Amino acid sequence: MCPITDFAADTESRCAFAEGYLLHKATLDGDVEHYVPAGLNPADPCVSPLRALDFSGLPPAYIHTAEFDPVRDEGRAYADRLARAGVEVSYTCHPGMTHLFYGMAGVVPYARNAMKHIGAEIRAAFDAALPDAG
């Protein structure tokens with residue numbers, strides 16, 4: 001949900017939503033300092049999975065992004081790369097939402113409904129993957 005898949009990204013959504021949309025560029029820059037170990041390039045696939053060369057063999061993925069989110073484009077790009085590698089992937093961009101919208105389910109009705117849908121999606125994936133217990 002609203003994944004950061006490339007700590008070295010310079011995407012259209014990172015530019016368009018750098019300020020005023022909950023997750024600011026300064027926050028993302030600070031995240032890089034705290035998340036990426038000293039001496040490791042933020043473009044290294046170990047911390048920026050979108051930069052990996054091979055996506056084949058990965059498990060199914062359910063990727064959700066928000067329309068007004070700086071990391072929206074890299075979430076979409078990750079879903080596209082998985083699909084091109086033959087990985088089962090579901091991608092949803094939530095209209096009108098910002099980064100971390102799913103954490104606002106108590107006050108944003110759309111977020112509450114989206115979380116119910118996402119929960120059902122995850123439940124269905126587990127039900128399909130687990131052997132019949134009956």
Filter result (part of a helix (DSSP H, G or I) and either small (Gly, Ala, Ser) or at pLDDT below 95 (or both)) within the range 106-116
Ala111, Ala114
If Thr27 passes every condition in (1) hydroxyl-bearing (Ser, Thr, Tyr); (2) exposed (fewer than 14 other Cβ atoms within 10 Å of the Cβ); (3) over 22 Å from Thr11 (Cα atoms) but one, which one does it miss?
(3)
Buried (at least 16 other Cβ atoms within 10 Å of the Cβ), touching a strand residue (DSSP E or B) at 6+ places or on another chain (Cβ under 7 Å) and modelled with pLDDT of 95 or more, is that true of Ala79?
yes
Any chance the range 48-66 includes a residue that's buried (at least 16 other Cβ atoms within 10 Å of the Cβ), among the β-branched types (Val, Ile, Thr) and in contact with a Lys or Arg (Cβ under 6 Å, 6 or more places away or on another chain)?
yes
For Ile122, the lone unmet condition from (1) surrounded by 15 or more Cβ atoms within 10 Å (Cβ to Cβ); (2) touching a residue at least 40 places away in the same chain (Cβ under 8 Å); (3) part of a helix (DSSP H, G or I) is (1)
For the range 12-105, please list each of the helices (runs of 4 or more DSSP H) lying entirely inside it that holds at least 2 residues being closer than 28 Å to Asp127 by Cα, in contact (Cβ under 8 Å) with a residue 24 or more places away in the chain and under 14 Å from the mean Cα position of the chain (by Cα).
72-84
Which numbered condition trips up His34, out of (1) surrounded by 12 or more Cβ atoms within 10 Å (Cβ to Cβ); (2) over 24 Å from Ile118 (Cβ atoms)?
(1)
Checking Met104 against (1) among the hydrophobic types (A, V, I, L, M, F, W, C); (2) surrounded by fewer than 10 Cβ atoms within 10 Å (Cβ to Cβ); (3) farther than 22 Å from Gly57 by Cα, the condition it does not meet:
(2)
Taking Thr5 as the residue in question, decide whether it is closer than 23 Å to Ala105 by Cα, touching a residue at least 40 places away in the same chain (Cβ under 8 Å), among the polar types (S, T, N, Q) and buried (at least 16 other Cβ atoms within 10 Å of the Cβ).
no
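The values are calculated or read from the model by the stated rules, or taken from the named source; none is laboratory data. What you are looking at is a predicted structure, and each value in this text was computed from that prediction instead of being measured. All Cβ positions, even for glycine, are placed from backbone atoms using ideal geometry, and neighbour counts span all protein chains on display.
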